[in-house]
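Comments concern the structure below.
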Amino acid sequence: MRRNRCAVLCGALALTLLCGCGGEQDASQRHSVALVVKSTQSEFFRSVFAGAEAAAAEYNLELSIAGPETEEDYETQNRLIAEAVRAGAEAIVFSAIDQEENAAAIDAAAQAGLQIVTIDSSVDSDQVSTYIGTNNYAAGQMAADAVLDRVSGPLYVGVVNYDVGTANGQERERGASDAFAASGRAEITAVVNTLTEAGRAQADTAALLTDHPEINVLLALNEPTSVGAAQAVKALGRSEEIFFVGFDSNVVTVDGLQDGCVDALVVQNPYAMGYLGVESAYQLLTGQGGAPDETVDTSTRVVDRDNLFTLDSQKALFSFEEHLD
């Protein structure tokens, strides 16, 4: 089954606040959920945390939040999963750095009796009860369509991706590549896989554009790579000649939409991923509300200079910002 519940999320939260639903369990009966993500540093995951904390408060859950310092450190993620098991967590909400290297740790947690929910990026385990996040293949197509709909003529595309073991980045690249190939007027000229850190992404993007001066379209496939790629385009003075599409919302890339180094952003809904991930863990632990769906697609939209200041775009870019202290 596949549902998109993000359209009703705000209403559900408001109704909860008004009616006082949830939070009525005895403290000794509170369930424990561990949220283990790729990194604690990005705006994307801070929004995930805000959503997760809102759901934990609504359903009276004990919530722990952990992640490595970098989005390449799957070994630390595996250690954090094991620590959550030892600490008595009953469910793990997980965003995988490496779909294969994280699988054994998730399998071990499930064998210890924990319920498993994945958000944002999946893991190669049949112990996962539900996945909540973007349809990443479709999001890659959306990024390519943002170019095809706005730029005429032959397109020479550079792609700035991140860790090759991370499922969502690879799916986005595949979706974009297929959409460009189907157009008959675009080709992927070069792909660079960089660290998920803005400074390194900037350096690797600058090298990519220097080695391939024919590139007139650039895609970057998550928040840190988009920040670094935008900075590289601007520093090289190529904002006018390169059509750049990034992912997610960050003050640097949003400013880039206004100064011209960014042309469009594919914006996900990390708050919903955090909220619905913890809610699904609660449903699995209690059976209340029925079992969660196997897959829940969260909303994704394209924001460009033409629609930047519309209400819907502002909500997508800055949703629940007040929670991100």
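The values are calculated or read from the model by the stated rules, or taken from the named source; none is laboratory data. From a predicted model like this one, the values you see are computed outputs, not experimental measurements. Every residue, glycine as well, gets a Cβ built from its backbone with ideal geometry; the counts of neighbours run over all protein chains shown.
Tabulated data
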quantity: The stretch 227-284, residues that are without any contact (Cβ under 8 Å) to a residue 60 or more places away in the chain, of a type in the set (Gly, Ala, Ser) and either in contact with a Gly (Cβ under 7 Å, 6 or more places away or on another chain) or over 23 Å from Phe309 (Cα atoms) (or both); calculated: Ala230, Ala232, Ala235, Gly237, Ser239
quantity: Residue check, Ser226 within 19 Å of the chain's Cα centre (by Cα) and in a helix (DSSP H, G or I); calculated: yes
quantity: Checklist (1) at pLDDT 95 or above; (2) of a type in the set (S, T, N, Q); (3) under 17 Å from Asp73 (Cα atoms) applied to Thr189, failing item; calculated: (3)
quantity: Ser239 among the polar types (S, T, N, Q), on the phi < 0 side of the Ramachandran plot and at pLDDT 95 or above; calculated: yes
quantity: The stretch 269-309, residues that are assigned to a helix (DSSP H, G or I) and of a type outside the set (Gly, Ala, Ser); calculated: Pro270, Tyr271, Met273, Tyr275, Leu276, Val278, Glu279, Tyr282, Gln283, Leu284, Leu285, Thr286
quantity: Residue in the stretch 114-122 that is over 20 Å from the mean Cα position of the chain (by Cα), assigned by TED's automatic domain parsing to the domain that holds Gly274 and outside any loop (DSSP other than H, G, I, E, B) present; calculated: yes
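Residues are listed down the side, and each one gets a yes or a no for (1) more than 27 Å from Thr118 (Cα to Cα); (2) β-branched (Val, Ile, Thr); (3) surrounded by fewer than 21 Cβ atoms within 10 Å (Cβ to Cβ):
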{"residue": "Leu208", "(1), (2), (3)": "yes, no, no"}
{"residue": "Val227", "(1), (2), (3)": "no, yes, no"}
{"residue": "Ala232", "(1), (2), (3)": "yes, no, no"}
{"residue": "Gly237", "(1), (2), (3)": "yes, no, yes"}
{"residue": "Glu240", "(1), (2), (3)": "yes, no, yes"}
{"residue": "Val262", "(1), (2), (3)": "yes, yes, no"}
{"residue": "Leu265", "(1), (2), (3)": "no, no, no"}
{"residue": "Gln268", "(1), (2), (3)": "no, no, no"}
{"residue": "Val278", "(1), (2), (3)": "no, yes, no"}
